[in-house]
Amino acid sequence: MADAEKLSADFIEAVQNVLASKDETARKQMLGTTMQAMAMLEAPVDAIWKLIMSPHAPSALMTLIKAGVIQEIAKTDSPSSADKLAQATGADRLLIVRLLRPVSAIGVVEETSQEEYAPTPITKALVGRVLSGGYQFMFSAATRSLANMPFYLEKTGFKNVEGIPGPFQDAHGTQDGMFPWLIKDPALMGNFNAFMTGQRIDRKQWFDIFDVENILLKGSKTDQNAIMMVDVGGGEGYDISMFHKRYPEAPGRLIVEDLPAVIDSIQELAPKVESKKHDFFQPQPIKGARCYYFRSILHDWPDDDCITILKHTAEVMTPGYSKLLMSEFVLPASNTPLYPALLDINMMAVLNGMERTEAQWSKLLDAAGLEVVKFWSVGAETEGLIEAVLKS
Ligand SMILES: C[S@@+](CC[C@H](N)C(=O)[O-])C[C@H]1O[C@@H](n2cnc3c(N)ncnc32)[C@H](O)[C@@H]1O
């Protein structure tokens, strides 16, 4: 017993040291270890109950966000009563009290006294554009699909998901892929774009680990028409703007491409960055760039679609000059950490896509006439940058 107490105290001290170090990679690693330790400590019945009860609090939270209750609690630092929340939002007082019980129990808000609720750091983070957008998008697009997925896959005889129709189409009663579906709902598309843009703000960027100077800048063309980078499916242009901020003197044009609705929704872009409406299933109009950059694109698509996208890129790459860079997860062949493993299921449920291992990436590139130069590791959790060129 005494030993268990000392070991627990040592563990807490180790966690505190990691937090004090402000090392994001170490923090994530410690989080992974803690989750593994929790799984070991839980009795099977605890683990199974936790799984059974896992959709409930997120569902209560989504309802409270939709009703505006979370936003109301976040407005002030002092506690708000259930009566006041009901008055401000028009939601039923008893419903608010019931929904806030699990949400308080998991620390998203704090019940400071009976039926009075104050914001926590999580409440404040949750109402920001990025996470509020992410939460609402994921709940609307992914959660429904995930809940329905076992029943859909049973109907298919448990075939791997490799294109439309898939779990998303079955759950949402549509023949559209997720992106055309999303474009029909501008508010949800705004949530998605905010989420995509914001989710890596605090993370290491690909150019923090990639040798930009020697691989991209050295030897790149400097004439007026030279193109340094095309960010294909670049959303709101966050990554390419960050690249420009870091390398303002880099020669050549910088171009972000995406679907018309996304390009039209861009609110702010660095002046040097140009935008272009382009469907990546059509031939790539920008030829001979120093680099074609794809972030979180290929994991959205099954192999056949990826090969089409990559072939269109390979067709315009200049041999010995153009590079293909893909910022993606690279799964280990075994013992995948939880987060990328869950992302793979997410890709299956929402986009009929998948996360891939080194072997799967190499095979995909090979089929499009490309070859891997190097798998760069961006940090913990298997995030990577895949550098490729035309096959020699
Ligand atoms: C997962 S998001 C990644 C966005 C951005 N690269 C990032 O990491 O923030 C996928 C992007 O692909 C775009 N997209 C989807 N289908 C497309 C198509 N057929 N042609 C061009 N872009 C497309 C979406 O609009 C979206 O911006």
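Observations
- Tabulated pairs, segment 257-279, first more than 15 Å from Tyr293 (Cα to Cα), second more than 11 Å from the ligand (Cβ to nearest atom) and part of a strand (DSSP E or B), C-beta under 7 angstrom, 6+ apart or interchain: Ile263/Ser275; Ile266/Ser275; Leu269/Ser275; Lys272/Leu254
- Test: residue in segment 162-179 that is over 30 Å from Arg129 (Cα atoms) and crowded, with 16+ Cβ neighbours inside 10 Å: yes
- Residue in segment 236-245 that is of a type in the set (Ser, Thr, Tyr), assigned by TED's automatic domain parsing to the domain that holds Cys291, in contact with a helix residue (DSSP H, G or I) (Cβ under 8 Å, 6 or more places away or on another chain) and within 16 Å of the ligand (Cβ to nearest atom) present: yes
- Output for segment 328-363, where each listed residue is within 20 Å of Gly32 (Cβ to Cβ), hydroxyl-bearing (Ser, Thr, Tyr) and without any contact (Cβ under 8 Å) to a residue 12 or more places away in the chain: Ser334
- Selected residue (only one of Gly157, Gly198, Gly190 is under 17 Å from Met348 (Cα atoms) and either within 16 Å of the ligand (Cβ to nearest atom) or surrounded by fewer than 16 Cβ atoms within 10 Å (Cβ to Cβ) (or both)): Gly157
- Some residue of segment 78-96 being closer than 25 Å to Ala147 by Cβ, in contact (Cβ under 8 Å) with a residue 60 or more places away in the chain and surrounded by 12 or more Cβ atoms within 10 Å (Cβ to Cβ): no
- Of residues in segment 253-281 being among the acidic types (Asp, Glu) and either more than 10 Å from the ligand (Cβ to nearest atom) or surrounded by fewer than 16 Cβ atoms within 10 Å (Cβ to Cβ) (or both), the one farthest from the chain's Cα centre (by Cα): Glu274
- Matching residues in segment 295-310 - criterion: being near the ligand (Cβ under 8 Å from one of its atoms) and not in a helix (DSSP H, G or I): Arg295, Ser296, Ile297
- Among the numbered conditions (1) within 12 Å of the ligand (Cβ to nearest atom); (2) closer than 24 Å to Glu383 by Cβ; (3) in contact (Cβ under 8 Å) with a residue 40 or more places away in the chain, the only one that Met229 does not meet is (1).
- First in segment 52-64 and within 15 Å of Arg144 (Cβ to Cβ), second anywhere and part of a helix (DSSP H, G or I), Cβ under 6 Å, 6 or more apart: Met62/Phe139; Thr63/Leu99
- Boolean, Thr313 is of a type outside the set (Asp, Glu), within 13 Å of the ligand (Cβ to nearest atom), touching a residue at least 12 places away in the same chain (Cβ under 8 Å) and surrounded by fewer than 16 Cβ atoms within 10 Å (Cβ to Cβ): no
- Hey, Leu182 in contact (Cβ under 8 Å) with a residue 60 or more places away in the chain and surrounded by 14 or more Cβ atoms within 10 Å (Cβ to Cβ) or not: no
- Test for Ala341: is it part of a helix (DSSP H, G or I) and either in contact with a Gly (Cβ under 9 Å, 6 or more places away or on another chain) or not assigned by TED's automatic domain parsing to the domain that holds Lys287 (or both): no
- Qualifying residue in segment 215-223 (condition: within 14 Å of the ligand (Cβ to nearest atom) and either surrounded by fewer than 17 Cβ atoms within 10 Å (Cβ to Cβ) or closer than 21 Å to Lys374 by Cα (or both)): no
- No other residue among Leu19, Leu51 is surrounded by fewer than 10 Cβ atoms within 10 Å (Cβ to Cβ) and modelled with pLDDT of 90 or more apart from Leu51.
- Among the conditions (1) within 30 Å of the chain's Cα centre (by Cα); (2) surrounded by 14 or more Cβ atoms within 10 Å (Cβ to Cβ), the only one that Asp46 does not satisfy is (2).
- Only one entry of Ser140, Ser132 meets the criterion of being under 27 Å from Gly107 (Cα atoms) and either more than 16 Å from the ligand (Cβ to nearest atom) or of a type in the set (A, V, I, L, M, F, W, C) (or both), and that entry is Ser132.
- Selection within segment 259-280 - closer than 28 Å to Ile215 by Cβ, part of a loop (DSSP other than H, G, I, E, B) and in contact with a helix residue (DSSP H, G or I) (Cβ under 8 Å, 6 or more places away or on another chain): Leu269, Ala270, Lys272, Phe280
- Scanning segment 101-115 for residues that are assigned to a helix (DSSP H, G or I) and of a type outside the set (Val, Ile, Thr) gives Arg101, Pro102, Ser104, Ala105.
- Residue pairs meeting the criteria (Cβ under 7 Å; at least 6 apart or on separate chains; first assigned by TED's automatic domain parsing to the domain that holds Ser8, in segment 19-38; second surrounded by 15 or more Cβ atoms within 10 Å (Cβ to Cβ) and modelled with pLDDT under 85): Thr25/Gly379; Thr25/Ala380; Lys28/Ala380; Lys28/Glu381; Gln29/Ala380
The values are calculated or read from the model by the stated rules, or taken from the named source; none is laboratory data. Since the structure is predicted, the reported quantities are computational estimates derived from the model, not experimental observations. Cβ: placed from backbone, ideal geometry, glycine included. Neighbour counts: every protein chain shown.
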